[in-house]
Amino acid sequence: MVSKLLIMSNKELYRELCKVEPTIPIFSKDWWLDAVCGKDNWNVVVVERNSNIIAAMPYYMIRKYGLTVIKMPILTQTMGPWIKYPQNQKYANRISIEKSLYMEIINRLPNFDYFIQNFNYRVTNWLPFYWRGFNQTTRYTYVIEGLDDIEEVLSRFKDNMRNKINKARKIITEIQEGNIQDFYDINKKTFERQGIKIPYSLDLLIEKDNILSEKNCRKIYFAVDEQHRIHSALYLIWDELSSYVHMVGEDPELRKSGAGILLIYESLKYTKEVLGLDCYDFEGSMIESVEEVRRACGGVQRPYHSISKTNSRLLKCMQALSLLKRGICKA
């Protein structure tokens with residue numbers, strides 16, 4: 001019998017893997033990539049042993065200004081390599097396997113002029129990429145783990161955050177589940193308050209939301225007062241590993257009510273009591289004002305690697321000139 005590995009494409013094999021493998025994070029699942037990249041704009045490297053896939057790394061590749069670029073899709077926190085580890089494995093053996101598999105993945109990547117990809121924070125070893133000329137920048141997400149006792153989790157919030165929850169409970173009369181159109185409207189207000197154009201379209205959100213709804217892995221929260229005004233909104237997603245605060249939005253005129261912190265607390269309870277998960281991921285952020293809120297709500301720093309490499313000589317020259325202009329390099 002001919003192995004299916006010989007007759008199916010990498011993407012077809014990966015789609016089959018995503019159906020049965022719970023340790024693949026949501027941002028690397030095939031249907032997520034279809035939504036944020038387009039079905040024809042992503043591919044995947046797979047490594048197999050004995051007719052089983054033991055490692056994979058999806059990637060999003062575009063052509064821009066005549067250059068081939070592998071980058072992060074929009075609204076996607078992390079990607080990176082995935083490995084199926086044997087059980088009860090010694091640490092030294094784990095690192096050895098990672099080295100071997102990561103080298104294979106790197107060798108099988110298509111030719112590119114520029115590469116940048118954020119690895120999931122559970123991927124702690126990027127040494128094989130360093131040995132092959134890639135660069136690394138440390139980024140941070142904030143995670144709350146250990147959700148058995150939600151009130152104990154609440155005690156980890158700073159006093160001012162707990163005060164905001166108490167304040168919001170006096171103002172907010174209902175926590176509603178909303179639709180994507182209303183969410184987009186209030187999410188857009190958050191960007192407008194900062195003088196930033198919203199970086200994605202309603203059509204993109206609708207397409208992605210339809211898939212997430214079909215997969216039963218999203219919930220949209222609205223905090224509404226007695227005048228039926230939406231103070232704050234939170235878009236929660238999840239996989240078999242964690243829930244994620246994927247997007248938020250606030251009415252600039254009502255943002256002092258504390259409703260946004262109340263929604264964090266409500267979605268934490270939902271994560272434990274309904275989803276049965278023990279991990280809550282804030283998805284960043286590196287923005288100082290946002291980081292402060294994540295930390296004040298009990299989030300613990302989890303570093304993750306942003307891995308990049310420039311192969312294009314033109315881009316290398318442009319990057320060097322940029323560094324010179326900023327005074328980082330000495331002429």
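The values are calculated or read from the model by the stated rules, or taken from the named source; none is laboratory data. Remember, it's a predicted structure, so these values are computed and weren't measured experimentally. As a convention, Cβ positions derive from the backbone with ideal geometry for all residues, glycine included, and neighbour counts pool all protein chains shown. Remember, those area values only see protein heavy atoms, side chains included, never the ligands or the DNA or RNA. Shrake-Rupley method; radii C 1.70, N 1.55, O 1.52, S 1.80 Å.
Across region 71-112, the number of residues qualifying as among the hydrophobic types (A, V, I, L, M, F, W, C) and touching an Asp or Glu at 6+ places or on another chain (Cβ under 9 Å) comes to 2.
Just one of the listed residues (LEU241, LEU315, LEU263, LEU321) is without any contact (Cβ under 8 Å) to a residue 24 or more places away in the chain, outside any strand (DSSP E or B) and of a type outside the set (D, E, K, R), namely LEU321.
The listed residues are LYS188, LYS219, LYS197, and the only one of them that is basic (Lys, Arg), within 19 Å of VAL274 (Cα to Cα) and either within 22 Å of the chain's Cα centre (by Cα) or in a helix (DSSP H, G or I) (or both) turns out to be LYS219.
Only residues that are in a strand (DSSP E or B), of a type in the set (A, V, I, L, M, F, W, C) and open to solvent by 30 Å² or more (accessible area, probe 1.4 Å) were counted across region 116-162, and they come to 1. Restricting LYS208, LYS189 to residues that are touching a residue at least 60 places away in the same chain (Cβ under 8 Å) and farther than 20 Å from SER28 by Cβ narrows the list to LYS189. Take the residues in region 78-115 that are assigned to a loop (DSSP other than H, G, I, E, B) and either over 24 Å from ASN311 (Cα atoms) or without any contact (Cβ under 8 Å) to a residue 12 or more places away in the chain (or both), then tell me which one is least open to solvent (accessible area, probe 1.4 Å). Step by step, filter region 78-115, then rank; the result is GLN89.
A quick yes/no check of all residues on (1) modelled with pLDDT of 95 or more; (2) within 19 Å of GLN136 (Cα to Cα); (3) in contact with a Ser or Thr (Cβ under 6 Å, 6 or more places away or on another chain):
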| site | (1), (2), (3) |
| --- | --- |
| LYS64 | no, no, no |
| LYS71 | yes, yes, no |
| THR78 | yes, yes, no |
| ILE83 | yes, no, no |
| MET103 | yes, yes, no |
| PRO110 | yes, no, no |
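Pairs under 6 Å by beta carbon, first residue on the phi > 0 side of the Ramachandran plot and without any contact (Cβ under 8 Å) to a residue 12 or more places away in the chain in region 56-74, partner loosely packed, with under 14 Cβ neighbours inside 10 Å and among the polar types (S, T, N, Q), six or more apart or different chains? From residues that are on the phi > 0 side of the Ramachandran plot and without any contact (Cβ under 8 Å) to a residue 12 or more places away in the chain, there are no pairs. In region 226-241 there is at least one residue matching the filter, namely being within 30 Å of LYS29 (Cα to Cα), buried (at least 21 other Cβ atoms within 10 Å of the Cβ) and of a type in the set (Gly, Ala, Ser).
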